[in-house]
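Here the structure comes first, spelled out in structure tokens, and everything after it is commentary.
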Amino acid sequence: AKSTGKSSHLFYDVSMEDEGLDRLTLENDLRKAMDNNELVLFYQPQVDTHSGKVVGAEALLRWQHPEQGLIPPFRFIPLAEEMGLIGEMGDWVIREACRQVKAFEDRGIHLPKVAVNVSALQFTPSFTRRVKAMLDEIGVDPSVLELELTEGVVMGDTSASIKALAELRDLGVSLSIDDFGTGYSSLSYLSRFPLDELKIDRSFVIGATSSPEDASLVRAIVAMAKGLGLKLVAEGVETDQQYAFMTDEGAHVIQGYMFSKPVSAEELEPLLAPWHFL
Ligand code: C2E
Ligand code: CA
Ligand code: CA
Ligand code: CA
């Protein structure tokens, strides 16, 4: 037991050092990633439960690292936030997503909406102005853009948030509340904020078919969304059983591996054919 203790102590030190190095390297690389065009957007289709048509796609950020390959967002978005890079990075995501819709449009391919995740640190007083400038610059209709906001993004200063959200909506973009159910805030804000859509978090979709408590929670969320006239999106739907539960409960839109994983713009194109998921 003594020797195990010693070796695990040694191992611990080494791994900590490695992690520190990894992080430093990653930080340095991340500073250059945007200039080096290493960021890419993947797109996950959102399918309307009634028509079977793709009504939108969520843009999900990836980092194509020259040595490490494709790095998922959980490994670098928190870093970008800590390093103060998320504002620039997040704006790039909005611009790139709108550009992609425009590029499709120019070739006669219709993607009705692209949903983009907004970080709390990106949601500054100049946000609306920046969004408008990007939409104007690219020349897409604001209705193609949907912003996915978590409770954390909008809860800070409630009256300022409501004002900013109202301005965004006046521009013509739509607003979705993301990861719903995982936050800590009161439900009353939902009725005061000018929202279009509510996304139930994947954790509830998973729980709904196995835990009666989660099933009740999902039912309550669905009822609330309906009462407030919000479009309801279920994310992370993988199985027929989950699909059946969510559609029976009244979800309007389904996003999940059951239909498609997030894919490159090139791979998304054939999925946008009106008959693809029918
Ligand atoms: P999110 O906004 O909740 O996005 C949904 C995540 O669930 C995505 O992970 C997606 O690939 C995954 N997902 C969708 N359907 C399924 C499914 O059926 N099964 C499973 N196992 N997973 C599914 P991803 O792309 O790794 O993104 C993780 C998180 O990173 C996102 O969670 C979002 O919070 C953040 N993120 C991604 N792109 C951006 C971005 O451009 N800006 C910001 N601020 N955050 C982003
Ligand atoms: Ca949507
Ligand atoms: Ca999201
Ligand atoms: Ca989520």
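Looking only at residues in region 43-76 that are outside any strand (DSSP E or B) and in contact with a Leu (Cβ under 7 Å, 6 or more places away or on another chain), the one that is surrounded by the most Cβ atoms within 10 Å (Cβ to Cβ) is PHE76. Selection of first residues in region 219-233 that are under 11 Å from ASP196 (Cα atoms) and of second residues that are of a type in the set (Ser, Thr, Tyr), restricted to Cβ pairs under 7 Å at least 6 apart or on distinct chains, gives the following pairs, ordered by first then second residue: LEU228/SER191.
Restricting to region 132-166, what's the tally of residues that are acidic (Asp, Glu), modelled with pLDDT of 95 or more and open to solvent by 40 Å² or more (accessible area, probe 1.4 Å)?
Total satisfying the criteria: 3.
The set of residues in region 224-244 that are open to solvent by 60 Å² or more (accessible area, probe 1.4 Å) and of a type in the set (Gly, Ala, Ser) comprises GLY227, GLY229.
For region 172-192, filtering for residues that are modelled with pLDDT under 95, in contact with a helix residue (DSSP H, G or I) (Cβ under 6 Å, 6 or more places away or on another chain) and surrounded by fewer than 14 Cβ atoms within 10 Å (Cβ to Cβ) leaves 1. Scan region 262-272 and tell me whether some residue there is of a type outside the set (Lys, Arg) and over 28 Å from ALA103 (Cα atoms). No, region 262-272 contains no residue that is of a type outside the set (Lys, Arg) and over 28 Å from ALA103 (Cα atoms).
Quick check on region 193-209. Is at least one of its residues surrounded by fewer than 21 Cβ atoms within 10 Å (Cβ to Cβ), among the polar types (S, T, N, Q), touching a Pro at 6+ places or on another chain (Cβ under 9 Å) and within 24 Å of LEU41 (Cα to Cα)? Within region 193-209 (the criterion being surrounded by fewer than 21 Cβ atoms within 10 Å (Cβ to Cβ), among the polar types (S, T, N, Q), touching a Pro at 6+ places or on another chain (Cβ under 9 Å) and within 24 Å of LEU41 (Cα to Cα)), the answer is no, since none of the residues qualifies. For region 48-93, a tally of residues being touching a residue at least 12 places away in the same chain (Cβ under 8 Å) and hydroxyl-bearing (Ser, Thr, Tyr) returns 1.
Filtering region 245-262 to residues that are under 17 Å from the mean Cα position of the chain (by Cα) and open to solvent by less than 20 Å² (accessible area, probe 1.4 Å) leaves VAL253, ILE254, GLN255, GLY256, SER260. Just one of the numbered conditions (1) under 30 Å from TRP275 (Cα atoms); (2) surrounded by 15 or more Cβ atoms within 10 Å (Cβ to Cβ) is not true of ILE109: (2).
Being modelled with pLDDT of 95 or more, closer than 22 Å to LEU175 by Cβ and outside any helix (DSSP H, G or I) is true of ALA115.
Among all positions in region 225-246, there is at least one residue which is more than 26 Å from LEU41 (Cα to Cα), within 16 Å of ligand 1 (Cβ to nearest atom) and among the aliphatic types (A, V, I, L, M). Of the candidates ARG169, ARG129, the single residue that is within 16 Å of ligand 2 (Cβ to nearest atom), of a type in the set (Lys, Arg), open to solvent by 40 Å² or more (accessible area, probe 1.4 Å) and farther than 17 Å from LEU232 by Cα is ARG169. Only one entry of ASP196, ASP178 meets the criterion of being at negative phi, more than 15 Å from the chain's Cα centre (by Cα) and within 16 Å of ligand 2 (Cβ to nearest atom), and that entry is ASP196.
The values are calculated or read from the model by the stated rules, or taken from the named source; none is laboratory data. In this text, all values refer to a predicted model and were calculated from it rather than measured experimentally. Neighbour counts are summed over all protein chains in view; Cβ atoms, including those assigned to glycine, are modelled from backbone coordinates with ideal geometry. What goes into the accessible areas is simple: the full protein's heavy atoms, side chains included, and nothing from ligands, DNA or RNA. Shrake-Rupley method; radii C 1.70, N 1.55, O 1.52, S 1.80 Å.
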